[in-house]
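Chemist: Sharing a structure here in structure tokens format.
The values are calculated or read from the model by the stated rules, or taken from the named source; none is laboratory data. Bear in mind the structure is a predicted one, so any value in this text is a computation, not a measurement. Neighbour counts run over all protein chains shown; Cβ positions are idealised from the backbone, glycine included. These area figures cover heavy atoms from the full protein model, side chains too; ligands, DNA and RNA do not enter into them. Shrake-Rupley method; radii C 1.70, N 1.55, O 1.52, S 1.80 Å.
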Amino acid sequence: MKLNNLQKNFYIFFSVIISILIATLLWENINLPLNNTSGAKGLLVSKGYNPNNDTIRYIFFIFLPLITFLFLNQIFKKKNLRVRELIFEKKEKVINYYPVLVVLSLIFIIFIFLEFFSVNFSFSNYDLDHFHDGVYLTPAQNYVSTKKFWLSSHLTHGASDMLYPILMWKILGVKSIGATKTLTIFLILFLKLISVLLSYQITKITNLNKDTKILFFTIFTSILISMSHYTFLGSGYYLTHRDIYIILFLIFFIELFVNSKFRSLSIISISLIATVSVLLHIDIGIYINFIFILYFLYLLITKKYNDVLLIVLSFFIFWTIVVSIIGFDEFNAFLKNTKTIVFTMDLLHGLKYPTPFFSMGNTEDGTRATKLLLMQVATGLFVLNYLISNENKISKSQKILFAFLFLLSFIMYKNALGRSDAPHIKESSDLPILINSFFILNYFLIFFEKLNFLKKFSSQKFFLFCSAIFLLFYYTYNHNHYNISIIKNYKKNFINYINLEDEVFINQKQVKLIEYYKQISKGHDCIENITYEDAIPYLIKKPSCTKYWASWLASPTHMQKDYILQLKINKPKYILYYSSDRKFDGIGIYESIDLLNSYVLSNYKKYEELDGYIILEKR
């Protein structure tokens, strides 16, 4: 029986749904034994669960539907991936300048600045979050005191942990918790501004007519800039300040898949972004470098040897500059720090990813986790369908660009697989949302362009009118983000906030501790703290005596041994040993650093107990 196109699509769609159900049923059956050679201790380790299970389950869940879709398209429609055509596809020229889009960009920039100046500092959270704020405060204090980067601090995210607050202190002329907390506000401002530029780049490569592009740009830009919020440290959204490097990467990466006169500049810029990002944000840098390495291999296949040489030369120059600035010892410490974070962070910090569908309603983040997996599958289906389609292209760029974008989206979801709670899952949904929005919006507007009875309305004035209506809706929807009275008092509120005394952010119990610790540590070059209150060294205005300012991160056996060695060398007289019974993911701090704890208790004795804090003194 010969099937018509509708029947073929139904069989393909039904088979994809079945494949998703199969992947769901097999999810819990994919198990690897725990292989914890590092000795790191976290929640997953305590349960004997291998964090790599989630990665393998994720790969299977995403690719089974995609393989099913590709296979059945080949069987029913004779559509397949024409790899050679995709690789050697000719680049098209694009128009870089659209005056109307430039005007619309300026309107969005006005909205962005109105929202920026409406940030209310007067009722911001004044509590110090040792876990999130401490990540920036203590490493920065260590650098100020020692002028060392990775040699002075084991960094969880990268050099941004210390460079961002130091930059804010220099620019604002104030070294304070308030000044540190405002840094993400400025970073989000920059993120929103370059998001407008990314939207412009994406709009110019669409195959829509120049008038329809006006509406596309308006809607797509609205989506992009709505995905980031002005938040203080420790609070994220779909796009966070860490995504600045992803957005910059995409802006220049798009230029490589069109006939662009900025090609060489884009390659050099991406090489710089790849170098800087891995130094400042380990995970983001790894994702960018991974995609750029794949692009490098693509260039070798297509015999673009001039571009290959330019990449090699750019990386050589940028890394030579980095090593010459920070020194070989710092560079070696950076490599060790990065290796440790990559191979142990999931063991220390990981949470098991909720089982798709079955966790909905049973676990706190089950619904969000399931929705995001389905969104990632949809992203792959959109891209795969476009790659095998024989119909007119929806983009002037080479099709293979979208294969790279999907791969970037796919690997960036690792953040959600590592720490599978709501914030990390939400932050990992940025590229799936953008890619899906691109295809849905494009197909809708292409359909709109083909409607004969609407063609007489398809003029620039009509689309400008539609864009104006959408902008009015955007303003109305976000009107709470714009406050004239706050804008008028922005300068005063901002200056007051960054000049708040640090004591405003901590409780009286902590104030007494800091005053007491300052007294007993007079004449000492450093202080040591092995509690969960990671910002203590900053509050005392002295560096930590070891690089392990967050002692729980030193859980791997080799790090505990190094921690003990540094204690033996630096010989701190006092150690802040206890602050509370707080546990992280159900794991007590002394349980996670048992070797270190044993050494400390053997070589230090109780010196003072102050409002629940216990300070030890060297025997």
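Chemist: For the stretch 151-180, enumerate the residues that are open to solvent by less than 10 Å² (accessible area, probe 1.4 Å) and among the hydrophobic types (A, V, I, L, M, F, W, C).
Modeler: Residues satisfying the conditions are Leu155, Ala159, Met162, Ile177, Ala179.
Chemist: Can you report the number of residues in the stretch 243-269 which are aromatic (Phe, Trp, Tyr) and either over 27 Å from Asn96 (Cα atoms) or open to solvent by 20 Å² or more (accessible area, probe 1.4 Å) (or both)? Steps first, please.
Modeler: Filtering the stretch 243-269 for residues aromatic (Phe, Trp, Tyr) gives 245, 249, 252-253, 257, 262.
Imposing the further condition that a residue be either over 27 Å from Asn96 (Cα atoms) or open to solvent by 20 Å² or more (accessible area, probe 1.4 Å) (or both) reduces the set to 245, 252, 262.
Of the residues in that region, 3 qualify.
Chemist: Condition first: out of contact with any Ser or Thr (no Cβ under 8 Å at 6 or more places or on another chain) and open to solvent by 10 Å² or more (accessible area, probe 1.4 Å). Now tell me which residues in the stretch 209-222 satisfy that. Walk me through how you get there before you give the answer.
Modeler: Looking only at the stretch 209-222, we keep the residues that are out of contact with any Ser or Thr (no Cβ under 8 Å at 6 or more places or on another chain), and these are 210, 219, 222.
Passing the criteria: Lys210, Ile219.
Chemist: Further question: Here are some conditions: (1) open to solvent by less than 30 Å² (accessible area, probe 1.4 Å); (2) at pLDDT 80 or above; (3) under 30 Å from the mean Cα position of the chain (by Cα). Ser467 meets all but one. Which one does it not meet?
Modeler: The number of the failed condition is (3).
Chemist: If you check Leu595 against the conditions, is it touching a residue at least 40 places away in the same chain (Cβ under 8 Å), surrounded by 14 or more Cβ atoms within 10 Å (Cβ to Cβ) and in a helix (DSSP H, G or I)?
Modeler: no
Chemist: Please give the number of the condition Ser19 fails out of (1) out of contact with any Lys or Arg (no Cβ under 9 Å at 6 or more places or on another chain); (2) open to solvent by less than 80 Å² (accessible area, probe 1.4 Å); (3) not in a helix (DSSP H, G or I).
Modeler: Condition (3) is where Ser19 drops out.
Chemist: A follow-up question, please. Check the stretch 550-559 and report whether any residue there is without any contact (Cβ under 8 Å) to a residue 60 or more places away in the chain, crowded, with 18+ Cβ neighbours inside 10 Å and either at positive phi or small (Gly, Ala, Ser) (or both).
Modeler: Taking the stretch 550-559 first, the residues without any contact (Cβ under 8 Å) to a residue 60 or more places away in the chain are 551.
In the following step, the residues that additionally are crowded, with 18+ Cβ neighbours inside 10 Å were identified as 551.
Now restrict to residues that are either at positive phi or small (Gly, Ala, Ser) (or both): 551.
Yes, there is a match, as at least one residue in the stretch 550-559 is without any contact (Cβ under 8 Å) to a residue 60 or more places away in the chain, crowded, with 18+ Cβ neighbours inside 10 Å and either at positive phi or small (Gly, Ala, Ser) (or both).
Chemist: Residues in the stretch 510-527 that are open to solvent by 80 Å² or more (accessible area, probe 1.4 Å) and either among the aromatic types (Phe, Trp, Tyr) or part of a helix (DSSP H, G or I) (or both): how many?
Modeler: Of the residues in that region, 4 qualify.
Chemist: What number goes with the only condition from (1) under 19 Å from Trp549 (Cβ atoms); (2) part of a helix (DSSP H, G or I); (3) of a type in the set (Ser, Thr, Tyr) that Tyr577 does not pass?
Modeler: Looking at each condition in turn, Tyr577 falls short on (2).
Chemist: Can you tell me which residues in the stretch 133-187 are of a type in the set (Phe, Trp, Tyr) and either within 21 Å of the chain's Cα centre (by Cα) or within 20 Å of Asn337 (Cα to Cα) (or both)?
Modeler: Taking the stretch 133-187 first, the residues of a type in the set (Phe, Trp, Tyr) are 136, 143, 149-150, 164, 169, 186.
Across the stretch 133-187, the qualifying residues are Tyr136, Tyr143, Phe149, Trp150, Tyr164, Phe186.
Chemist: Taking the stretch 28-57 only, how many residues are assigned to a helix (DSSP H, G or I) and within 21 Å of Leu347 (Cβ to Cβ)? Give the derivation first.
Modeler: From the stretch 28-57, those assigned to a helix (DSSP H, G or I) are 28-29, 43-46, 52-57; that's our starting set.
Filter once more, so that each one left must be within 21 Å of Leu347 (Cβ to Cβ): 28, 43-46, 52-57.
Counting residues in the stretch 28-57 that are assigned to a helix (DSSP H, G or I) and within 21 Å of Leu347 (Cβ to Cβ) gives 11.
Chemist: What do you reckon, is Tyr590 outside any strand (DSSP E or B), free of Cβ contacts under 8 Å to residues at least 12 places away in the same chain and under 26 Å from Ser38 (Cβ atoms)? Walk me through it before giving the result.
Modeler: On the way: outside any strand (DSSP E or B): yes; free of Cβ contacts under 8 Å to residues at least 12 places away in the same chain: yes; under 26 Å from Ser38 (Cβ atoms): yes.
Yes, satisfied.
Chemist: All but one of (1) in contact with a helix residue (DSSP H, G or I) (Cβ under 7 Å, 6 or more places away or on another chain); (2) hydrophobic (A, V, I, L, M, F, W, C); (3) at pLDDT 95 or above hold for Ile614, so report the exception by its number.
Modeler: (1)
Chemist: List every residue pair whose Cβ atoms lie under 6 Å apart, where the two residues are 6 or more positions apart in sequence or sit on different chains, the first residue falls within the stretch 43-65 and is within 20 Å of Thr370 (Cβ to Cβ), and the second residue, located anywhere, is open to solvent by less than 10 Å² (accessible area, probe 1.4 Å) and not in a helix (DSSP H, G or I).
Modeler: Pro51/Gly350; Asp54/Tyr353
Chemist: Could you check the stretch 132-150 and list, in sequence order, the residues that are surrounded by fewer than 18 Cβ atoms within 10 Å (Cβ to Cβ) and either under 19 Å from Ile185 (Cα atoms) or without any contact (Cβ under 8 Å) to a residue 12 or more places away in the chain (or both)?
Modeler: Listed by number, the residues that qualify are His132, Lys147.
Chemist: Ok, one more. Select from the stretch 342-363 the residues that are touching a helix residue (DSSP H, G or I) at 6+ places or on another chain (Cβ under 6 Å), touching a residue at least 60 places away in the same chain (Cβ under 8 Å) and at negative phi and list them in ascending order. Full working, then the answer.
Modeler: Here is the first cut: in the stretch 342-363, the ones touching a helix residue (DSSP H, G or I) at 6+ places or on another chain (Cβ under 6 Å) are 346-347, 350, 353-357, 359-360.
After this cut, where a residue has to be touching a residue at least 60 places away in the same chain (Cβ under 8 Å) as well, the list is 346-347, 350, 353-357.
Hits for the stretch 342-363 are Asp346, Leu347, Gly350, Tyr353, Pro354, Thr355, Pro356.
Chemist: Restricting to the stretch 94-126, and then to whatever is in contact with a Lys or Arg (Cβ under 8 Å, 6 or more places away or on another chain) and not in a helix (DSSP H, G or I), can you tell me which residue is modelled with the lowest pLDDT?
Modeler: Looking at residues that are in contact with a Lys or Arg (Cβ under 8 Å, 6 or more places away or on another chain) and not in a helix (DSSP H, G or I), I get Ser124.
Chemist: Can you tell me which residues in the stretch 475-492 are within 18 Å of Ile109 (Cβ to Cβ), at pLDDT 80 or above, outside any loop (DSSP other than H, G, I, E, B) and hydroxyl-bearing (Ser, Thr, Tyr)?
Modeler: Selection gives Tyr490 alone.
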